[in-house]
Each structure stands twice: as structure tokens, then as C-alpha cells.
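The values are calculated or read from the model by the stated rules, or taken from the named source; none is laboratory data. Bear in mind the structure is a predicted one, so any value in this text is a computation, not a measurement. Here the Cβ positions follow ideal geometry from the backbone for every residue, glycine too, while neighbour counts run over all protein chains shown. Ligands, DNA and RNA are stripped out before the accessible areas are found, and what is left, the full protein with its side chains, is counted by its heavy atoms. Shrake-Rupley method; radii C 1.70, N 1.55, O 1.52, S 1.80 Å.
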Number of protein chains: 2
Amino acid sequence: MSKTRITLKDVANKVGVHSSTVSRVLNPDTRKMMTEEIAEKILKVAAEMGYRPNAFAQSLKTNRSFTVGVMVPDLTNPAFAPIIKGIDNMLEAHGYSVIVANTYNLPDKQQSTAEKFRERHVDGLIIATAQRKDKLIEDCRREGTPFVQAVRASNDTDVSSVLSDEHIGGNMVISHLAQLGHKRIAYVAGPQFFSTGYERYQGFLQGMKNAGLKADKDLVVFCDEFSEEEGRHATSKLLAGRKKFTAVYAGNDIMALGVYDELEADGIKCGKDISVVGFDDMPFADKFNPPLTTVHTPLVNVGSEAARILLEKINDAATPARSIKLKPDLIVRESTGKVR
Amino acid sequence: MSKTRITLKDVANKVGVHSSTVSRVLNPDTRKMMTEEIAEKILKVAAEMGYRPNAFAQSLKTNRSFTVGVMVPDLTNPAFAPIIKGIDNMLEAHGYSVIVANTYNLPDKQQSTAEKFRERHVDGLIIATAQRKDKLIEDCRREGTPFVQAVRASNDTDVSSVLSDEHIGGNMVISHLAQLGHKRIAYVAGPQFFSTGYERYQGFLQGMKNAGLKADKDLVVFCDEFSEEEGRHATSKLLAGRKKFTAVYAGNDIMALGVYDELEADGIKCGKDISVVGFDDMPFADKFNPPLTTVHTPLVNVGSEAARILLEKINDAATPARSIKLKPDLIVRESTGKVR
DNA sequence: AAAAACTATGCAAACGATTGCATAACATAT
DNA sequence: ATATGTTATGCAATCGTTTGCATAGTTTTT
């Protein structure tokens, strides 16, 4: 990267014009200010000389970096790769680069990551890590930082977000289980300080009500994190309780795997003795044993929609806030079956 | 991001020194040039005022961006997330940000991605997309771009790379299968223009030889890509052939899933009628049906080692090239069993 | 005491691009 | 022909930081 650099001045000297003229020709917005004859000559020479703008100099002057910071909890959670893919495809097509950071659901890490993004003057943020009440969101609003929340959102009402409709998802799950004859349905809830945890629980409650079933507090366990271990632990508690149940709805696929673990350890047949449903349809959910019935959220679309909205915000700060809820689908596989 | 900026000059005015003094105090390498009294005063005032260097101005002057470009084939392949994680953890600790790009194994995409990274003046590259003969590697060498290859490498001999030892892996697999009594072992090979495809095939051949078994050309299928579909297609061809076999070794876990698909479609019991082995131990391989026996490559370590070497190269261009092969482990699960 | 060496700090040039403003050249109206 | 309006281009300031060099002040050596 220490190769001799061709600058605007080099091109200008070769064509016999001033560097500001070259700059204006190379910017499509100002090209029309120059005659076509000079413009063609400049474009030709710039290409021949291999001129490439210095991004730092541009950014220093324009205060724009054409980067976007994306915060995810943990890139090794397979649900986030499709989201990033959707984000990257959209932003890359508009000349932006994506800087991804993991926060591991640690608030301190989230703050230091935000700080780093500020130092880098990212043009905007996509935040997939927000809690329902989140200082980062407050900070971004106060500072006027363009941002969009993806997957999870804070409680703030006039901020943009792209989520999956967790209530529709919950209704679908309970309806499916009810049709299979299930009446005692347990719920393994994610942390309530995340909107995914909270809203999926509300969706469970609503689904039960709509199916004419009674939601039983003793058949609900609230987990501290969306993890396999917590899912397993919750299932262990449910099985140790006095209330029997014939189905478990887990707040995401990772926790559903924990449910699987516990059922298997206790010699309970998943899909036959007890039905299990997850949420997200993360990659390879169809390869599990048994293939997991789950709510498919269009993760790539979540990413690309979030990126689209962010681009609008960056280009026009007056873009009104927008909260988009994408409709999920229930994918029935072999982890659910008729009540025995 | 349009908040009023505090500059070096503002801090300098407040302390009553020159901005170059502030700059030298804030740089640990030059702090000792200033008296402790002035240094403490500057550090205090800078913190109080919330001074933050302008990264663009720094980069324009120093020609350093403190970013690293990472090229992966496809972020949704679960094997790459741990690699990125390892890379990010190491680089982030040294003040770098990671810009990730997907190339989808398309050479044109790889070239345009490299071009974008050049425009951004990333300080170095980690390339997880190289073919055995790859123009990008030639370009980087000619230009003196610091880079390290990860997972896959080109044939060039004096370039740095961090790989898994595919031969050791192959030997482990064949030895394991031989111990289970398998003699007719089929191999589903990845594309030979990738080092992973080629070297894992060589490992297969070497393992067979070392186990005193005859590698049979009719029991080898070469795939055009590392994909589930190709793995399935290859298995279909193997089953349609005249040679019987009792085990399949697939060049990666994704292709092993394709092997699973075909066996299941044909009513063949995986792990009982035919044993299956993969390579990579991608996340959730233990959740498959049956849990996959596979070669575990320490993906996070591949990432962090590659990042470490790259940092050395960036800091000292004379760092000698180094090719590291990490030792894999065989993880035996339920997809392999005794010959029937 | 004078000369030489060392240290601390300020000055200003440089990095490369963008863009407001000035002005020369050209076109149109009187 | 003269006055007015429009267009094309160059000049130079700006963005904010780093760093070579100059120089004033201090310390050490002769």
C-alpha cells in the first residue's frame, strides 16, 4: 500500500487544467459544470493513469466515510450471518463498506464499540443488540446519529426498526400446536429486557388466548439469555414441576436445542412424547434431530430492509422514522406431533 | 455525526500551548519529548473537553487506516463465523477494525472487492478465498500489500498462511474407518483448484496408503463446489456405480450433509449401513441426524493466528513469510460405525 | 567564562480532496 | 457598439493531524 499515488494534481497537469476542474468532472453531480470536451479528456486520462481518489482526503473534507457500523451480539450465532449478508448486499451496492462488531450482549462492550464507530465516523449504524431500554439508543438520538434497529428494538417509538412480527409468530405456533391437540403448552422465554424475549412472550400469551387455551404461569420459565444451556435448564425445571405438558415453545432455535438436550437426556421422545417449536429458522434447523418446527423469519430481508432505511436516513436526515414488521412463516418439521 | 468537533487546536488554546505539543503528548511514542507537567495538563484538558482525534486527518497524514479487509467466500457458511471471530478479537485488541466482504467464490467479485479495499487503504488483507493459482495473490505480492491467507492458500511458497493440516486430518479419518473395519472407502472431493479440495484429497490418498488400503479411482468423485447439492450428487453417482463401499469421507461438513440427504432418500442408514465423515466440525455438526463424525479444525485459532501474523507484517514489512498448519482433531460421533 | 551539547516547544509545510468566490470569456439584450 | 447576464474555469482556503526543522533555554564540557 506504499505505491506511488496518482493525485488529482497529476491528472490535471497532464490534461492542462486545474485540479478543481478534475475534481468537478469526476463528481457526477458537478460534471455538467464542465464542457463535454474537457470532461471526456479528463475521464480518459484519469483512467489511463489509474487515478483513484484518496478516501481519507475526501472524508476529511466531506466528513463522510461511506462506512456503516453493524453491531451484532455474536457472529457465531447462525441467525446473524444472513442478516449481515442482507445488509452487506444492499450497502455494498451503494458504495458503502460494512464494519461488523460483536458485543456479546455486554453493555460495556456495546458502549466501547459505539465509541469506536464514532471515532471512525461511520455514516450510520445498524444496531442488532439493543435492549428495550438502551442507553445507546438515547445517545444516538441525542447526537443525531443515523441508525436503524434490526431484529430487536428498544421501546422508543419514533425510531426506525425492522423486526419480525413476533405476535403473528406466536399465534401461528399456538394455533399449530392446538390443531395437534395440545392444551398444556409450556413456554421457554428469552430475557425480557430484549424485545425479542418480551414480544415473543406476549405472542405466546396472545396465541393461547386466541386458541381458547389457558396460559399457565407454572408452565413458563424466563431465561437469562438466549442460549442452549438456558433452554436446557428451563426444560429441566419444567419437567421437575408438578404440571404436566405435552409441548414446549422456545423463544428461539438455540434454546430449542437446549430443550432437545434435556428431553434426550431424560429419554423423552421429541416430537412424539413432547412436541418442540423454536423461533428464527436459523440455518440448519432442518438438519437437527428431529428437524425443528420453527417460525421462519426472513433474516436476509431484515438485513436488506434495515440497510435500505438507513441509506435513506443518511441521505436525508428528515426521513421519518419507520417501524417495519416482516411477516414470519411457520415451518412445520418433525419436532411437533399429535398429542399422545 | 455532525456534532461540533473538538480539535487539537481547541485543546492547545485552552492549555496555552501549541497544537503540535498536544499532538505529541497524545501520542505515547512522543510523550516523553514533553515535560510531565505539561503532559498531565494536556491529558486532563483533552479528557474534559472530550477531544477525539479525527481518524481521516490522521490517516491522510500517516497513510494508515487501522482497518483490515477480510475476504470470505460466504459468511452464511457457518465455518467462517468462528474464523472472523478469531480475527476480530485479535485485531480489535490492537486498535483495528475489520471490514468483511463476501466473494461468493466468484473471481470477478474477488477482484472488485480487492479494488474496494485498495481504495479504502486497508492496512492489510486476510484472504480466505484464494484458489491454488490466484491472480489476487500475485497482485498483492507485486504491490507489497501485507496479507495472510487463511483456511485456503495459493501454491506460492513464500507467502504467509494459516491452514489446518489436511494430511493429518485425512490420516485420522482413514485410520478411524480402518479400525472400524472399513476397506472400501469412497471420497467426495472438493474442487481441486482450492487447496482445501486438493490437499484433503492428497490426505485421503496418503491415509489409505498408510492404512495399507487401496484407493480406488471409481470410489472418488470430484465436485465443482463445496456444497450440499454437490455432495448429494456425488453420493448418488457413487451409489449408482458398480463398486460397493461401506464408508464415505466428504471433503467438508456441508458436503457430508449432502451425503446424508442421498443416503436418507435411498433408505440407507447412515452410521449403520454406511459410515460418513466430514471435515471442519462446523457449528452444530453435533446436532445433525446422526451427529457427524468429522475433523475438527480450530477455526477460531486459524483466525487469530492469521491476524497475529498480519499485524507483524503491517508493523514490519520484513517479517519473513510463515506457513502455519494447525493440527486438527478427529471428533467421533454417530455417523461412523463398524462394518456390517 | 565561553563553547558545545542537549532538551523542550513552536512554526509551518504537507497530506489530497472539495468548494466558495472571483474573474475572464462568451452570449444576449438594448 | 455598449451594457447586462450567464457560463466555465482557476485560485486558494479549508478540513485536522503529523512531523521536520528552527530556535530559545538549559545543562554540560572545556
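Tabulated results
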item: Student exercise, the protein assembly as shown dipole from Lys, Arg, Asp, Glu Cβ charges, in Debye to nearest 20; result: 360
item: Innermost chain B residue relative to the axis carrying B onto A, by Cβ distance in angstrom; result: B:N289, 2
item: Reduced Cα scattering model of the range B:166-297, Debye log10 I(q)/I(0), q = 0.11, 0.19 Å⁻¹; result: -0.30, -1.01
item: Carbon/sulfur fraction of accessible area - the protein assembly as shown, other protein chains in place, 1.4 Å, %; result: 50
item: Other protein chain Cβ atoms within 10 Å, averaged over every residue that makes up B:53-59; result: 6
item: Most fluctuating residue given options A:S161, A:S23, A:S112, as computed from a GNM of chain A linking Cα atoms under 10 Å; result: A:S23
item: Whole-Å semi-axes of the ellipsoid equivalent to the range B:8-53 (Cα gyration tensor, √5λ, descending); result: 15, 10, 10
item: Partner lysines for A:K14 [C-alpha distance under 23 Å; skip if fewer than 8 residues away on the same chain]; result: A:K3, A:K32, A:K41, A:K44
item: Those trypsin sites (Lys or Arg not before Pro) in the range B:185-220 that DSSP places in a loop and that have at most 14 other beta carbons within 10 Å; result: B:K214
item: Given charges at Cβ of Lys, Arg, Asp, Glu: chain A dipole, positive-most of A:A265, A:H176, A:L238; result: A:H176
item: Cα-based helix-to-principal-axis angle, B:228-240 vs chain B, degrees rounded to 10; result: 20
item: Distances in nm from A:E119 to the matching label points in the other copies, shortest first (labels 7 Å along Cα to Cβ); result: 2.6
item: Gaussian network model of chain B, Cα within-10 Å springs - most flexible of B:S323, B:S160, B:S19; result: B:S19
item: Inter-site label distance for A:F193 and B:N89 at 7 Å from Cα along Cβ, in nm; result: 2.3
item: Farthest toward positive dipole pole in chain A [+1 Lys/Arg, -1 Asp/Glu at C-beta], among A:G124, A:F226, A:V300; result: A:G124
item: Top positive-direction residue, dipole computed over the range B:36-162 with Cβ charges, set B:A93, B:V159, B:N54; result: B:V159
item: Positions from the range B:94-117 whose accessible area shrinks by 20 Å² or more when the full protein complex is built, not the chain alone, probe 1.4 Å; result: B:S97, B:V98, B:I99, B:V100, B:N102, B:Y104, B:K109, B:E115, B:K116
item: Length released on extending from B:E40 to B:D266, taking residue separation times 0.36 nm less the Cα-Cα span; result: 73.8 nm
item: When the protein assembly as shown is reduced to its Cα atoms, the Kirkwood hydrodynamic radius in Å; result: 27.7
item: At 7 Å out from Cα toward Cβ: B:I268 inter-copy label distances (nm, ascending); result: 3.6
item: Rounded to 5, the percent of DSSP beta bridges in the protein assembly as shown classed as antiparallel; result: 10
item: Separation between Cα centres of the range A:44-108 and the range A:231-271, rounded to whole Å; result: 40
item: q = 0.13, 0.18 Å⁻¹: log10 I(q)/I(0) that the Debye formula gives for the range A:120-176, counting C-alpha atoms only; result: -0.39, -0.63
item: Helix A:36-49 axis, angle to chain A major axis (alpha carbon atoms, nearest 10°); result: 70
item: 0 to 90° range, to nearest 10: angle between helix A:195-210 axis and chain A longest Cα axis; result: 40
item: Under the Debye formula (equal points on every Cα, no solvent term), log10 I(q)/I(0) of chain A at q = 0.06, 0.10, 0.15 Å⁻¹; result: -0.31, -0.66, -1.14
item: Dipole magnitude of the range A:166-297, debye to nearest 20 (Cβ charges: Lys/Arg +1, Asp/Glu -1, about Cα centre); result: 820
item: Hypothetical label at B:R64: residues of the range B:71-89 whose amide nitrogen lies under 20 Å (7 Å Cα-Cβ projection); result: B:88-89
item: Per-copy distances of the B:N210 label point, shortest first, in nm (7 angstrom along Cα→Cβ); result: 5.9
item: GNM top mover of B:G124, B:G86, B:G267 - chain B, alpha-carbon springs below 10 Å; result: B:G267
item: Local electrostatic count, B:Y104, Cβ distance below 13 Å [Lys/Arg +1, Asp/Glu -1]; result: -3
item: Lys, Arg +1 and Asp, Glu -1 on Cβ, resulting dipole of chain B about Cα centre, debye, nearest 20; result: 360
item: Solvent exposure of the protein assembly as shown as accessible area per residue, Å², 1.4 Å probe; result: 45
